[in-house]
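Please treat every number below as a calculation from the coordinates, not as lab data. No experiment lies behind these values; they were computed from the predicted model shown. Using ideal geometry, Cβ is built from the backbone for each residue, glycine included, and neighbour counts are taken over all protein chains shown.
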Amino acid sequence: MLILAKSAMAMMLGFILALITGLILLPILKKLKMRQSVCKLIGERHISKEGTPTLGGLFFIIPTIVTILLLKIKGSIDISYNLLIVVFVFIAYAALGFCDDYLKIKFHNNDGLSIMFKLLCQMLIALVFFYIYTINGGEPTLEISSLGIDINLKWGYGLFILFLLVGTSNAVNITDGLDGLAGGLSTIAFLAYGLLAWGATWMSGYEEVAIFCFILVGTLMGFLIFNSHPAKVFMGDTGSLALGGALATVAILTRHELSLALVGGVFVIETLSSLIQIISIIYFKKKIFKMAPLHHHFEQLGWSETDIVKMFYVAGLILAMAAITYGIWI
């Protein structure tokens, strides 16, 4: 039961620190005019959001790191190499997203870093991840325990890691289009992976990885105080890339990579809707959805922003529960 108490304490501490961080940073972001440029093509509803501060990812990134340090100083957690991998990817993707956000703010557009440069940086992060993972005894295998399948991917596991990191981080980024949507879905996803990591007793430092997830749940709940409709701040790429990268990393370390398709099911659906729309327009000269990704399609149908977010939350929670059932029980 000790890990349960630690997790509860970590979640509470993360939430409190995120609130304090938000109260301190929000006026600073406003004063420095760190404002989001909203794409006019999205619709009239979003024009009113023009000028809303961005870089809100710092509201949960900073308190997450601070909480880990406080728990280490208190002696409540150990710094295992698996925890270091998660924190490294979390910070590295946050730094990449911060650079992207800064350029968007500086030049008052939505261009940011080039796609090729971002992909190159994501590849470098994946390579460092793969190196640290393998030298510490990590096996390059894909396991499907329920079917008794164990596939040794060898060097191809590095490409698999790259695919998951890039795919998940971009999926969270695509989903971050409505107030509280990506933040709430990420809260559900990390809660699920905290429980999955809890059950991964064979993994070195499984308790610390689980506690990291619960810390992030707490800090994300604190962030949602500022990001729920009407949003006072947006997480930006700083937050969305960090969340996606950390989520994929935890999935890989806990050997629940395939569960990511369920836990992050809404992220997957959002990404697929954009991909389907692009392919349909290029090859068939017609739209499948009124607007992509999927949350904008529902907006075009006349749904309110809060109703869309609540529906996606419910879908995310159901999928997460299914993943937990599969990952722990089955």
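Summing charges over neighbours of I24, with a neighbour being any other residue whose Cβ is under 15 Å away from its Cβ, gives +3 when K and R count +1 and D and E count -1.
Each label point was placed 7 Å from the Cα along the Cα-to-Cβ direction; for L2 and F117 their separation is 4.8 nm. Just checking the listed ones, I62, I282, I225: in the Gaussian network model of the chain with Cα springs under 10 Å, the one fluctuating most is I282. Structure remark: mean-square fluctuation, Gaussian network model of the chain, C-alpha springs under 10 Å; the largest value among M12, M311, M203 belongs to M311. For the chain, what does -39500 (n - 2.57) per DSSP helix run (n ≥ 4), summed and divided by total residues, give at 222 nm, in deg cm²/dmol to the nearest 500? Value at 222 nm, helices only: -23500 deg cm²/dmol. Projecting the alpha carbon convex hull of segment 2-253 along each direction and taking the average yields 13.9 nm². I'd like the Kirkwood hydrodynamic radius of segment 168-229, using the inverse of the mean 1/r over distinct C-alpha pairs, in Å. Answer for segment 168-229: a Kirkwood hydrodynamic radius of 12.3 Å. Within the chain, helices built from complete DSSP H runs that reach 24 Å or longer along their own axis (Cα positions) and carry a mean Kyte-Doolittle hydropathy of 0.5 or higher are 2-31, 81-107, 115-135, 156-175, 181-198, 206-227, 236-253, 265-284, 305-324.
Sorting V314, V86, V268, V172 from the fewest to the most surrounding beta carbons within 10 angstrom yields V314, V268, V86, V172.
Counting only C-alpha contacts under 8 Å and six or more residues apart, can you give the relative contact order of segment 2-253 as a whole percent?
Working: 393 pairs, mean separation 92.5, N = 252.
Here the relative contact order equals 37 percent.
Database remark: amide H of R35 closer than 5 angstrom to the amide H of T54 (H placed geometrically; neighbours at sequence offset of 5 or more, or on other chains; Pro and chain starts carry no H).
Out of A242, A197, A92, any idea which swings most in a Gaussian network model of the chain, alpha carbons joined below 10 Å? In the Gaussian network model the winner is A92.
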